[in-house]
Ligand code: GLN
């Protein structure tokens, strides 16, 4: 281990996925940070993709974008929201990245003529990346969340890397197993057998958990805790009960109730420090007592069978943060934009909402419906907030309906459009032609200047901002003047004035009609809501009155 004193906590899942491993890892970061330690949260995904950028959002969930432009798993968003630490590429690894680097080095003769083997060269590269994350973050404690669940074939090299680190420095490395305790309705009794199996899976690769977090719909009973502690020879205080809670922001509070922070520090041999989570606790409590609702429609295109929570997680959380900040309880309704394309009459359902959001997206499907929704919200003065694609939609809709350019479109949707009000930057043309899609968009943080007196400047209360991007297309400079003459205000621009970053209508024309070429949702925090989301929610509240 490079930096001897530093500590590592591996978070692995057992029994099944989707039980909140990311939130648990983020919460571990939060409680240790609140005790004065520098923490880093890292995600290791098992897939061969180099990053999450090329994976369908309805399949894998949101692609979270870091300051440096990394297109990462949505869990990095959870980490940022909980610990308020900025993610970069050091905080995210995949099987694809690990193999690509090992193969690159092999081609460069960096293995000096040796065989390059899955074992130990792959685990060694994983260890190198974990240590690089620690070094970048200068963290006292590095929390590494492994995607997937124990027992999966593709997890083996990652578990082996963790085992190698543990065997070198047992006192510096911990394993936390996030498990699930089902209560079959016919029995009405909580069962620990699947967790015992997951522990056995860990044993079979030479690992024993140091903590077991028992996710369940109810608290883990003392008997169950005792059984699990016996199976892995752990003191009972290392078995943590993690029942379903009112909001994800309760998870760190609940962990502290279980004395998790103190026990982790003791186990790592770190001195106890007093905790400071007062603001967080106040927010988690406040959320439960908010009664007044604000009704938001998200008109999008990535819907899986049940919920869109994963696909639009940062958007949902940003709405939550701002609504809670204003003392409101958000009620979000998902609308598949495609339906407006065959049934324009259905647009009138938008009247019942306090505001409409059109979030990011790619490809033509559903965009005509979004354009109709944007026009409807403008005409009916329903607050409208467009995020990236949503800003492009706003612009296209304005060009069609106010400038009368009926064929206006983005060249992404219609390469032959007579009025390509949205098109690519020159450097993107070759990339698209060569099908060079991975990590080639305009990605990560870029600065912008805000127009004095605009809605955007009024919200931010500053005139220079920096926000994260993920897009290939832009407002076509050739149409900027025409659109402005027709009343659209480009209130945010790149410092050289070439790229339009925010489009809006003045307050005198519309209560809130604004779109951003960037993704403000990546920077909202529970205790520091994003100013544009807050301005939107305020307009929604006004409409609801
Ligand atoms: N598809 C659009 C573009 O590439 C918008 C991207 C997005 O919404 N993130 O520019």
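Any chance you could give the angle, 0 to 90 degrees and rounded to 10, that helix 313-325 forms with the longest Cα principal axis of the chain?
With rounding to tens, the tilt is 80 degrees.
How big is the convex hull of the Cα atoms of the stretch 366-419, per residue, in Å³?
Numbers: hull volume 3.5 nm³, N = 54.
Convex hull of Cα atoms, per residue: 65 Å³.
Suppose the Debye formula is applied to equal point scatterers at every Cα of the stretch 187-261; what is log10 I(q)/I(0) at q = 0.18, 0.19 Å⁻¹?
Each listed q maps to, in turn, -0.73, -0.80.
Across every pair of different alpha-carbon atoms, what Kirkwood hydrodynamic radius in Å does the stretch 379-524 reach? Walk me through the numbers before you get to the answer.
Numbers: mean 1/r = 0.0644 Å⁻¹.
In the stretch 379-524 this quantity evaluates to 15.5 Å.
Report the percentage of all Cα-Cα pairs in the stretch 47-86 whose separation exceeds 14 Å, rounded to a whole percent. Mind dumping the intermediate values first?
Details: 345 of 780 pairs.
So the pairs more than 14 Å apart make up 44 percent of the total in the stretch 47-86.
Sort out for me the Cα centre separation of the stretch 46-124 from the stretch 182-247, rounded to whole Å.
30
Test of understanding: express the Cα radius of gyration of the stretch 177-335 as a ratio to 2.2 N^0.38 Å, with N the residue count.
Working: Rg = 19.2 Å, N = 159, 2.2 N^0.38 = 15.1 Å.
Here the answer is 1.27, to two decimals.
If you project the alpha carbons of the stretch 307-346 onto their three principal axes, what span does each projection cover, largest first, in Å?
The Cα atoms of the stretch 307-346 stretch 38, 21, 12 Å along the principal axes, largest first.
Compute the helix-to-body angle for 389-401: its Cα long axis versus the longest principal axis of the chain, expressed 0 to 90° and rounded to tens.
The two axes meet at around 10 degrees.
Treating only the Cα positions of the stretch 1-59 as identical point scatterers, give the base-10 log of I(q)/I(0) from the Debye formula at each q in 0.20, 0.23, 0.25 Å⁻¹.
So the normalised log intensities are -0.98, -1.10, -1.16.
For the stretch 138-195, compute Rg over Rh where Rg is the Cα radius of gyration and Rh is the Kirkwood radius from the inverse mean 1/r over Cα pairs. Write out the running numbers ahead of the final one.
Details: Rg = 15.7 Å, Rh = 14.1 Å.
Answer for the stretch 138-195: 1.11.
Dividing the alpha-carbon Rg of the stretch 117-163 by 2.2 N^0.38 Å yields what?
Values: Rg = 11.5 Å, N = 47, 2.2 N^0.38 = 9.5 Å.
Dividing the Cα radius of gyration by 2.2 N^0.38 Å gives 1.21.
So for the stretch 175-231, Kirkwood radius off the Cα pairs, Stokes-Einstein at 20 °C and 1.002 mPa s: how many µm² s⁻¹?
Values: Rh = 11.6 Å.
Answer from the Stokes-Einstein relation: 184 µm²/s.
Cα-based Rg of the stretch 102-199 per 2.2 N^0.38 Å, rounded to two decimals? Provide the component values of the computation, followed by the final result.
Values: Rg = 18.1 Å, N = 98, 2.2 N^0.38 = 12.6 Å.
Relative to the rule-of-thumb radius for its length, the stretch 102-199 sits at 1.44.
How large are Rg and Dmax for the stretch 438-481 when only the alpha carbon atoms are used, in Å?
Here Rg and the maximum Cα pair distance are 12.9, 39 Å.
Quick check on the chain: what does the Kirkwood estimate of hydrodynamic radius come out to from the alpha carbon pairs, in Å? Don't jump to the answer; show the numbers that get you there.
On the way: mean 1/r = 0.0403 Å⁻¹.
With all distinct Cα pairs of the chain included, I get 24.8 Å.
Could you tell me what % of all Cα pairs in the stretch 14-132 have separations over 22 Å?
Details: 2944 of 7021 pairs.
Value for the stretch 14-132 (Cα pairs over 22 Å): 42 percent.
Per DSSP H run of at least 4 residues, take -39500 (n - 2.57); add these up for the chain, divide by its residues and hand me the 222 nm value, nearest 500 deg cm²/dmol. Kindly include the intermediate steps, with their values, before the conclusion.
Values: 19 runs with 200 residues, N = 545.
Here the helix-only value at 222 nm equals -11000 deg cm²/dmol.
Where does helix 531-544 land angle-wise versus the long Cα axis of the chain, in degrees 0 to 90, nearest 10?
Tilt relative to the chain: about 60 degrees.
In the calculated pair distance distribution of the stretch 455-518, what percentage of Cα-Cα distances lie above 19 Å? Could the numbers behind the result be given before it?
On the way: 597 of 2016 pairs.
Value for the stretch 455-518 (Cα pairs over 19 Å): 30 percent.
Since every read-out is calculated from the coordinates, none of them should be taken as a lab result. Please read all numbers here as calculations on a predicted model, not as lab measurements.
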